[in-house]
Amino acid sequence: MPRRRGSWVFACGSGLGEGALALLLYAREQNPAPSVTWLARNAAELGQASALGLPAALRSSVKGFWRTLRAEVIVVTHGLGDANRFGMRGWFGAHRAFVVQLWHGIPLKRIQLDSPVTFRGRFTPRFAAAMLRSLYRRNSAAIRLLPAASEYSARRLRTAFGLPADRVVVTGDPRDDVLLRGTERSRTGSARQLLERSLGEFGDARVLLYAPTWRDGERDPGVPSAPEWQAIARYLEASDSLLVLRPHPHGVGDYDAGPAASARIRMLDAASQNDITPVLPAVDLLITDYSSIAYDFALTGRPIAFLAPDLDEYTASRGLYEPYPHFSGGTEVRSWPELLRLLADSSAIEALREHSSRLAAECHSLRDGRNTERVYGEILARLGEPA
């Protein structure tokens, strides 16, 4: 089955957004002639794409299968399954398509081939784990281009996907352009409007965002206890702050007691805002643990507080690409009471801000807001198309 020249499909495992949407919009702007299609996971996402005027199809539909099967370029953000699986693999040969993997962030925790938990299950025999590893390598071999934010990130992505150096290229991450374009004031204003559409008005309150990572199906140990929720509510009232809770879309834990304790604690789940990056300029301080959101947020130059109650267990089970104190600047705390004391210390906040700036300088080589442009140009060059 031949691939159709000039036919591109785009998909994202977390919904309409991230680097796939940025690249689609840029490709349409530069050259309206090629056929582009957004592959939606469900009817709601299909409606969102249509509302933006994007050609779209359900990923699981006959149309989604056909568009994936015929596409010359397939853009994904999580895995090959972001697009139609039957059009990607098997007899139809994903190797004949130009697959672009816009991985969703700079990894701190080990991922894919580098992760000890990727192929290890409670009842997984050794031969099955070896077979899974072989299948992962085969799927990853279909990737023709994997953009990276820096060589710092590229080294990790090459080993995680088992790709040669020439396929993992430092172009900057398209998902981060929204954090770099325009002035800080315009970015902040747009992001606060977007955030208020999901949360309601919050005036001039300082915005704190709590965004923990996924723990492979385990419960989030950072969920505050009842007394801790009350202490958090008192701090927010005294400091005129708003705490936005952003559990991982696949996370486990009950956060309902937070919004019940105070109107200054609000939930921002993936259903109301699937792509978190565009709202980051509205955030004054990020609270996270091992999530790659810290690398993205560092581009704002604002402070990051690291709350890691299960540091020893998580490091032992999942594995990290670097010692955690390097990632956190040695500022991590293990509990909410410790975190609240940290937030009340102005000199400590300034140290968190300085570390955030260092993190951005180390992990993002290109900060001119032109990452999407570079990725698009790299695809055209490798296809032999004129820029």
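State the extension gain, in nm to one decimal, for the chain segment bounded by residue 358 and residue 51, taking 0.36 nm per residue of separation less the distance between their alpha-carbons. Can you show the working numbers first?
Working: separation 307, 0.36 × 307 = 110.52 nm, distance 3.94 nm.
Here the segment from residue 358 to residue 51 would lengthen by 106.6 nm.
A straight chain from residue 341 to residue 238 at 0.36 nm per residue would run longer than the Cα-Cα distance by 35.8 nm. Of 342, 271, 293, which is farthest towards the positive pole of region 266-344's charge dipole, taken about the Cα centre with +1 and -1 on the beta-carbons of Lys, Arg and Asp, Glu respectively? Projecting each Cα onto the dipole axis, the largest value belongs to 342.
Given N residues in the chain, what is Rg(Cα) / (2.2 N^0.38 Å)? Numbers along the way, then the final one.
Working: Rg = 21.1 Å, N = 387, 2.2 N^0.38 = 21.2 Å.
That works out to 1.00 for the chain.
Highest mean first, the peptides 322-333, 222-233 sorted by other C-beta atoms within 10 Å per residue fall in the order 222-233, 322-333. When the alpha carbon coordinates of region 182-363 are projected onto the principal axes, the ranges are 42, 38, 33 Å, largest first.
Can you sort 131, 267 so the residue with the fewest Cβ neighbours within 10 Å comes first?
Numbers: 131 13, 267 16.
Exposure proxy ranking, most exposed first: 131, 267.
Taken along the Cα-to-beta-carbon direction at a fixed 7 Å, the label points for residue 186 and residue 130 span 5.8 nm.
Treating only the Cβ of Lys, Arg, Asp and Glu as charged (+1, +1, -1, -1), what charge dipole size does the chain show about its Cα centre? Round to the nearest 20 debye.
Numbers: 48 positive and 42 negative charges, 423 e Å.
Charge dipole of the chain: 2040 debye, to the nearest 20.
May I ask you to list, by number, the DSSP H helices of the chain whose Cα span along the axis is at least 24 Å and whose average Kyte-Doolittle hydropathy reaches -1.0 or more?
On the way: long enough: 346-363 (26 Å, -0.23).
For the chain, where a helix must reach 24 Å along its axis and average at least -1.0, the hits are 346-363.
Between 9, 231, 193, the Cα set farthest toward the positive side of the dipole of the chain (charges on each charged residue's Cβ, about the Cα centre) is that of 9. In the elastic network of the chain, a GNM with C-alpha springs shorter than 10 Å, the most mobile of 349, 143, 287 is 349.
Using the average count of surrounding beta-carbon atoms within 10 Å as a protection proxy, the listed peptides 77-88, 363-374 rank, highest first, as 77-88, 363-374. Label sites at residue 317 and residue 381, each approximated as a point 7 angstrom past Cα along Cα to Cβ, lie 4.3 nm apart.
Of all DSSP beta bridges confined to the chain, the antiparallel ones make up roughly 5%.
Mind putting a number on the dipole of region 182-363 about its Cα centre? Charges go on the C-beta only, +1 for Lys and Arg and -1 for Asp and Glu, and I need it in Debye to the nearest 20.
Values: 17 positive and 27 negative charges, 90 e Å.
Here the size comes out at about 440 debye.
Stretching residue 267 away from residue 137 to a fully extended chain increases their span by 43.0 nm, per 0.36 nm per residue minus the current alpha-carbon distance.
None of the figures in this text is laboratory data; all of them are computed from the coordinates on show. If you're wondering where the values come from, they're calculated on a predicted model, not measured in any experiment. So basically every Cβ, Gly included, is an ideal-geometry build from the backbone, and we count neighbours across all protein chains shown.
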